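Comments concern the structure below.
The values are calculated or read from the model by the stated rules, or taken from the named source; none is laboratory data. Worth saying up front: this structure is predicted, and the values here are computed from it rather than measured. No Cβ is skipped: glycine too gets one built from the backbone with ideal geometry, and neighbour counts run over all protein chains shown. Accessible surface is based on the protein model in full, side chains and every heavy atom, while ligands, DNA and RNA are left aside. Shrake-Rupley method; radii C 1.70, N 1.55, O 1.52, S 1.80 Å.
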Amino acid sequence: MDCDVKDIKLAAKGKMRIEWAARFMPVLALIRKRFEKEKPLKGLKISGCLHITSETANLGITLKAGGAQVRLCASNPLSTQDEVAASIVRDYKISVFAVHGEDRNTYYKHIYQALEHKPDVTIDDGADLVSTLHTKKQAMLKNIIGGTEETTTGVIRLKSMERDKALKYPIIAVNDSETKFLFDNRYGTGQSTLDGILRATNFLFAGSTVVVAGYGWCGKGVARKASGLGANVIITEVNPIRALEAKMDGFNVQKMDDACTKGDVFVTVTGCEDVISKRHFSKFKNGAIICNSGHFDVEINKKQLAEYTTKKRLIRHSCEEYLLKNGKRIYLLGEGRLINLASAEGHPAMVMDMSFSNQALACEYLVKKGRGLANKVYKLPGQLDSEIATLKLKSLGITIDKLTPEQARYISSWQFGT
Ligand code: ADE
């Protein structure tokens, strides 16, 4: 079978991880059951550039159950779970091209390999697949019905392509479904980011000062969880509305130029470059821990950090000690890449259940409607979003109220007033 994984003999361990994740993905399981019967993706070739985790394995299995031929590659060099990659290949007969720690060349070689079967549909997490197709493999574009995008950064990139009229096929922004960003971005990133920091450092949050750069849904999650562990949280923002929101959520709001002297731990979650750069490094406290939970490793300027460093060593897994030119030491986690995946296991399956249910339904939607869509970025219809929430509530044993016919009339009417 066409694949490139670290060691196929790791598969037995990977299979157990995949089965463990499946326990927490009941909505995706329901979709899989329906897909097995209806085969809505029959004959479809899907290339997916995603974090190769036990949750992604369950998505791949679901797409295959729907009749698709699937090829997967990594969306980050450090997020691949090698044993899971091995099991996806051996036990589920899905091609995977991903090795944890792969260099940049191998990362792109794997993207090309995932595209080799000439996909009808692409699934991206960060838009590297779409970007590669549009810049290096244009001949394949005409076959493609559409694509999906998992993450905020990818959606921003794709909307910029749409604005420039560069986008050559329609995209469903899975990230923009409410059952995605309200849960995955907030609770998923919130918890898994702290999990990553803890695994890399065993740091005690209680009483510490944590600086969170960015107060989008991911930043909100990280700030809330750090606060829950007893940290004093400082938010840095460029958006005045989000900054105000952070203030009224009870957090201290400052400029990074000021916060950089106060933090024990720094987490960047902005999606932007150079959030922590040259002018901050010399001002950090001795022992400061810095990490990133945004999609790309651009938020902490690693080149400038290296220039201001006299010595570095890997002191713990995912934790590099930098001896700075001013004699202080700081600690960079996960090489400045997504700390939740580089050092921990990414978001828990419980939230990925909803994200990947959106992905599966988006693929089905593209088969049904893709040819009629313009080359734009779309949201998944709200009705599918609600359906996922309803199924998730049901899986949690929660029933909710229903509008009476009178209430339904009232709520949709403009005539009733004082
Ligand atoms: N993104 C964040 N967490 C993830 C996970 N567990 N699997 C796949 N993609 C992810």
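Here is how the numbers come out for the structure above:
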quantity	calculated
Condition met for Leu133 (over 27 Å from Met25 (Cβ atoms), aliphatic (A, V, I, L, M) and not in a loop (DSSP other than H, G, I, E, B))	yes
Filtered residues of region 1-30 (kept if open to solvent by less than 10 Å² (accessible area, probe 1.4 Å), under 17 Å from Phe356 (Cα atoms) and either in a loop (DSSP other than H, G, I, E, B) or away from the ligand (no atom under 16 Å from the Cβ) (or both))	Met25
Considering residues of region 320-353 that are of a type in the set (Gly, Ala, Ser) and not in a loop (DSSP other than H, G, I, E, B) only, the residue nearest to the ligand (Cβ to nearest atom)	Ala349
Count of region 308-325 residues which are over 24 Å from His100 (Cα atoms) and open to solvent by less than 60 Å² (accessible area, probe 1.4 Å)	4
Any hit, region 210-228, residues being in contact (Cβ under 8 Å) with a residue 24 or more places away in the chain, polar (S, T, N, Q) and more than 16 Å from the ligand (Cβ to nearest atom)	yes
Qualifying residue in region 163-172 (condition: part of a helix (DSSP H, G or I), out of contact with any strand residue (DSSP E or B) (no Cβ under 7 Å at 6 or more places or on another chain) and away from the ligand (no atom under 16 Å from the Cβ))	yes
Of residues in region 136-158 being more than 16 Å from the ligand (Cβ to nearest atom) and part of a strand (DSSP E or B), the one surrounded by the fewest Cβ atoms within 10 Å (Cβ to Cβ)	Gly146
Residue ID - least open to solvent (accessible area, probe 1.4 Å), chosen from residues in region 82-108 that are closer than 10 Å to Val5 by Cα and assigned to a loop (DSSP other than H, G, I, E, B)	Ala98
Residue match in region 397-411 (condition: more than 16 Å from the ligand (Cβ to nearest atom) and closer than 28 Å to Thr53 by Cα)	yes
Residue within region 118-134 that is in contact with a Lys or Arg (Cβ under 8 Å, 6 or more places away or on another chain), among the charged types (D, E, K, R) and within 16 Å of the ligand (Cβ to nearest atom) present	no
Entirely in region 218-307, the helices (runs of 4 or more DSSP H) that have 2 or more residues that are open to solvent by 30 Å² or more (accessible area, probe 1.4 Å), in contact with a Gly (Cβ under 9 Å, 6 or more places away or on another chain) and aliphatic (A, V, I, L, M)	none
Verdict on Leu194 being over 11 Å from Val377 (Cα atoms) and in a loop (DSSP other than H, G, I, E, B)	no
Region 54-70: number of residues that are surrounded by 24 or more Cβ atoms within 10 Å (Cβ to Cβ) and either more than 13 Å from the ligand (Cβ to nearest atom) or not in a helix (DSSP H, G or I) (or both)	5
Residue match in region 357-366 (condition: in contact with an Asp or Glu (Cβ under 6 Å, 6 or more places away or on another chain) and either within 12 Å of the ligand (Cβ to nearest atom) or on the phi > 0 side of the Ramachandran plot (or both))	no
